[in-house]
Amino acid sequence: MASAEVLAPIDPPSAESPRRRGGLSPFARYMLVRIGLVIPMLWVLVTMVFLLMRVIGDPVTAAQGGRLNAEQIAERKAEAGLDRPLLTQYWEYISGLLRGDFGTTLTDHRSISGIIVEYGAATLELSFWALIVAFAVGIPLGRLAARYRDRLPDVLLRLFAIFIYAAPVFFVGLLLKLAFTPFGWPSSGRASTQTDLILDNVHPHTNIMIVDALLWGDPKIILEVLQYAVLPAFALGLLTGGVFLRLVRINLLQTLRMDYVTAARARGVSERRVVRKHAMRNALVPVVTVMGMQIALLLAGAVLTETTFEWKGIGYMLTQYLKARDFLAVQGIVTAIAVVVCVASVVIDAIIALVDPRVRF
């Protein structure tokens, strides 16, 4: 009996796979942990926005002071719920966010959720075009700079990257307007008034101008929408393009020193194929990582870009409400931007986990 007990088969520990232990794949568990970490971060962000908006004083008096008497201001405060205890206001603010309600503006009594949906689409469109410009500028020029390391093209491209990264977005925007407006290039708004009216009748109306133009199906309108997007996209995209250029250059140079690249060269693989097939893919992984961080920079730059080019997105509306001292609107829009940045960081983490084998779950 004793020998039978000794010889009894024992299940190897490795047979208990991670999937069987938790019922979830390692990637799913990693994402659940990542999402779990975002929740407290979001709570801290929205709480900070709420407290900062209260530190500046009474929003109604700040927005309407001098134009309304004391009785009217008290009435407006009661309508907005600002006469209640601070903890009650905080609970209503948090519970409203959980329902997707960002509140109501003080100046024009509009739903902030509706403003975010309507104008956020324009900012999304601008960020999309800016990312295309950033990739189109940063990746090929970074590759070119690495190829001609420490020679004249490399020096010029590094100086160019520093200039477009360090120059303020509104300054680049003004330069582009001064350079191209005399030639008749559109530099204000998202489309002409006539096109805007036409695209308002598109069904379904997405508020994304290029999508609405494609749904309308007129090539002239599509071309016009693209023309209006060129200058704002370059003004905002060059900012991120400078970061990508330097990042691709540095990572490509480091990758070209790896042993597997040396082995590929020793086997007689051409230099162009070594860069294109073996080194470039690994050099682009950090670009995806940085892209997550650049989203916050793009949204910050979008405020200035939209103001410079009168591109009516969420950044443009934020400046309008700041001018009107409508701090409830500012609170809702800033909270929405914080939520977008947090969600985008989770998406980028998921992409990195899928494309980078060095990430461990």
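The values are calculated or read from the model by the stated rules, or taken from the named source; none is laboratory data. Quick caveat: nothing in here was measured; it's all calculated off a predicted structure. Cβ: placed from backbone, ideal geometry, glycine included. Neighbour counts: every protein chain shown. Heads up: the accessible areas ignore ligands, DNA and RNA and are worked out on the full protein's heavy atoms, side chains in. Shrake-Rupley method; radii C 1.70, N 1.55, O 1.52, S 1.80 Å.
Observations on the model:
- Centre separation in Å (Cα based) which lies between region 69-90 and region 129-201: 46
- Accessible area of the chain belonging to carbon and sulfur atoms, whole % at 1.4 Å probe: 66
- Per residue, region 96-154 exposes 51 Å² of solvent-accessible protein surface, assessed with a 1.4 angstrom probe and all protein chains in place.
- Helical contribution to [θ] at 222 nm, DSSP H n ≥ 4, -39,500 (n - 2.57), averaged over the chain, rounded to 500: -24500 deg cm²/dmol
- Computed from the C-beta positions of F183 and K277, the FRET efficiency with R₀ = 41 Å rounds to 0.45.
- Within the same chain, lysines fewer than 8 places from K220 are excluded, and of the rest, those with a Cα less than 27 Å from its Cα are K177, K312.
- Contour minus Cα-Cα distance for D108 and I198 (0.36 nm per residue): 29.8 nm
- Accessible surface, per residue, of region 201-268 when the full set of protein chains is kept, probe 1.4 Å, Å²: 49
- Sequence-distant aspartates and glutamates (8 or more away, or on other chains) whose Cα lies within less than 14 Å of K323: D108
- Separation of the L223 and L124 label points, Cα + 7 Å toward Cβ, nm: 2.9
- Listed peptides 164-173, 67-76, 251-260 appear in the order 164-173, 251-260, 67-76 once ranked by packing, highest mean of other Cβ atoms within 10 Å at the front.
- Amide H contacts of T104: I112, each under 5 Å away and 5 or more positions distant or on a separate chain (H built 1.01 Å from N in the peptide plane; Pro and chain starts excluded).
- Between L297 and R84, the C-beta separation translates, for a Förster distance of 41 Å, into a calculated FRET efficiency of about 0.65.
- Protection proxy ranking, peptides 121-127, 211-217, average beta carbon neighbours within 10 Å, highest first: 121-127, 211-217
- Each Lys or Arg adds one and each Asp or Glu takes one away; over the other residues whose Cβ falls under 14 Å from the Cβ of R246, this sums to +3.
- Efficiency of FRET between D259 and F27 - r from beta-carbon atoms, R0 35 angstrom, step 0.05: 0.75
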